[in-house]
1. Quick one: 28, 69, fewest Cβ neighbours within 10 Å first, how do they rank?
2. Measure off 7 Å from each Cα along the Cα-to-Cβ vector at residue 94 and residue 50, then give the distance between these two points in nanometres to one decimal.
3. Assuming 0.36 nm per residue, please report the length gained on full extension of the stretch residue 66 to residue 29 beyond their Cα-Cα distance.
4. As a test of the definition: which semi-axes, in Å, follow for segment 27-128 when you take the square root of five times each eigenvalue of its alpha carbon gyration tensor? Largest first, please.
């Protein structure tokens, strides 16, 4: 047992503790959800905007608590403040609670393609926890 309690520069407990340290995360952004942008068929000028939307583009999420049809509504904007649509209603309630608590959420475009007159934009929603 004497050999176990001795390590060159410190105790076995110190060595084990150092080995068990949790590494610092590389990013404070946490992926919360993969979804799509709802309501793009109601966005004016989307045909002109679509060529400028690229995978990896960051999108802003803005809480709209006074929306009469959905109290958990979250609008999705480009970084240039052009409205794309909404987080789908079936997936917005937890995100709305996080935003109401002051958490910063944003999205990134994964892919896009046209389905008739609907621009399907696949996104990931992140929590920035700096």
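FYI, it's all coordinate maths here, none of it is from the lab. Here the structure is a predicted model, which is why all the values come from computation and not from measurement. Cβ atoms come from the backbone with ideal geometry, glycine included; neighbour counts cover every protein chain shown.
1. Working: 28 11, 69 6.
So the residues, fewest neighbours to most, are 69, 28.
2. 3.2 nm
3. Working: separation 37, 0.36 × 37 = 13.32 nm, distance 2.78 nm.
Result for the pair: 10.5 nm of gain on full extension.
4. Working: eigenvalues 89, 52, 26 Å².
Whole-Å semi-axes of the equivalent ellipsoid: 21, 16, 11.
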